[in-house]
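> Before anything else, here's the structure in question.
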Amino acid sequence: MYSVFKEYPNGVKALARLNLHITKGEFVFLVGASGAGKSSLIRLVFREELPSRGQVIIGGKSIARLRASQVAKLRRNIGVVFQDFRLLMDRTAFDNVAFALRVLQYSGKEIKARVPEVLAMVGLKGKEQCYPNQLSGGEQQRLAIARAVVNNPKILVADEPTGNLDPDTSWEIMHLLDEINQRGTTLVMATHDQSIVDNMKRRTLVLKKGIVIDDRREGGYIL
Ligand SMILES: Nc1ncnc2c1ncn2[C@@H]1O[C@H](COP(=O)(O)OP(=O)(O)OP(=O)(O)O)[C@@H](O)[C@H]1O
């Protein structure tokens, strides 16, 4: 990101002259007080929002002006996970993941093969026919992660993925995200969880009022 500003229509300035470079394969934490701009930054990465000024470059290309087909291609390469899971509550675990593949026009045969594989990878083997409300919070987040990575995205962005989970479950989710990163997916995660940041020892970007005030290669949560 080069000199990125984000101002919302109501006049709130969420990001100001933000410069940031994340290398392929990195695992990066975004930390900062509430309102510092973490979610805004994440929304720029998957192009839910566009910057007011400045450039967001992904895979060497500016994502400012894209045709609908190019936006679809970008989104195929970026998985997103949220604090509140955002699952389809009236569909089974299998169908939550299958839905994502149907949107990407995978064939029925490919879906039948790929969905059980990714559900097993996140530790949900045997839960294929469960509805989200039959799963624990940690399992629901595993399902949301399965849906986000089913297409092997190059980038996974996670906005407080452990925010609704207890400490033990949060760690299970972190091990899963770490494994996904080890397989080559670049991971960007916003979090308020100090113990996770301190223990994982990954690059940590500290945001304050919309700018990066610290970039700690060795990690560590100090605001
Ligand atoms: N859609 C929006 N419209 C207007 N203002 C917004 C919008 N989204 C965020 N903001 C404002 O932008 C600023 C940055 O918010 P953002 O959600 O990016 O921060 P954050 O660091 O993710 O906070 P939190 O830790 O509470 O999630 C805040 O002042 C917020 O109120």
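The values are calculated or read from the model by the stated rules, or taken from the named source; none is laboratory data. What you are looking at is a predicted structure, and each value in this text was computed from that prediction instead of being measured. A quick note on method: Cβ atoms are made from the backbone with ideal geometry, for glycine too, and the neighbour counts reach across all protein chains shown.
> Within the stretch 158-187, can you find the residues that are surrounded by fewer than 24 Cβ atoms within 10 Å (Cβ to Cβ) and outside any helix (DSSP H, G or I)?
Asp159, Glu160, Gly163, Asn164, Leu165, Asp166, Arg183, Gly184, Thr185, Thr186, Leu187
> Yes or no: the stretch 46-62 includes at least one residue that is surrounded by fewer than 17 Cβ atoms within 10 Å (Cβ to Cβ), of a type in the set (Ser, Thr, Tyr) and more than 16 Å from the ligand (Cβ to nearest atom).
Yes, the stretch 46-62 has at least one match.
> Report whether or not Leu20 is at pLDDT below 95 and either of a type outside the set (Asp, Glu) or under 21 Å from Val150 (Cβ atoms) (or both).
Against the criterion (at pLDDT below 95 and either of a type outside the set (Asp, Glu) or under 21 Å from Val150 (Cβ atoms) (or both)), Leu20 qualifies.
> Among the listed residues Gln182, Gln141, which satisfies the condition of being among the polar types (S, T, N, Q), more than 15 Å from Val81 (Cα to Cα), more than 16 Å from the ligand (Cβ to nearest atom) and under 17 Å from the mean Cα position of the chain (by Cα)?
The match here is Gln182.
> Right, here's the next one. Determine, yes or no, whether Arg102 is over 19 Å from Leu207 (Cβ atoms) and either more than 13 Å from the ligand (Cβ to nearest atom) or touching a residue at least 24 places away in the same chain (Cβ under 8 Å) (or both).
When the stated conditions are applied, Arg102 passes them.
> Taking interchain pairs and intrachain pairs at least six residues apart, which have beta carbon atoms under 6 angstrom, with the first residue in the stretch 7-26 and exposed (fewer than 13 other Cβ atoms within 10 Å of the Cβ) and the second part of a strand (DSSP E or B) and polar (S, T, N, Q)?
Matching pairs, first to second residue: Lys24/Thr186.
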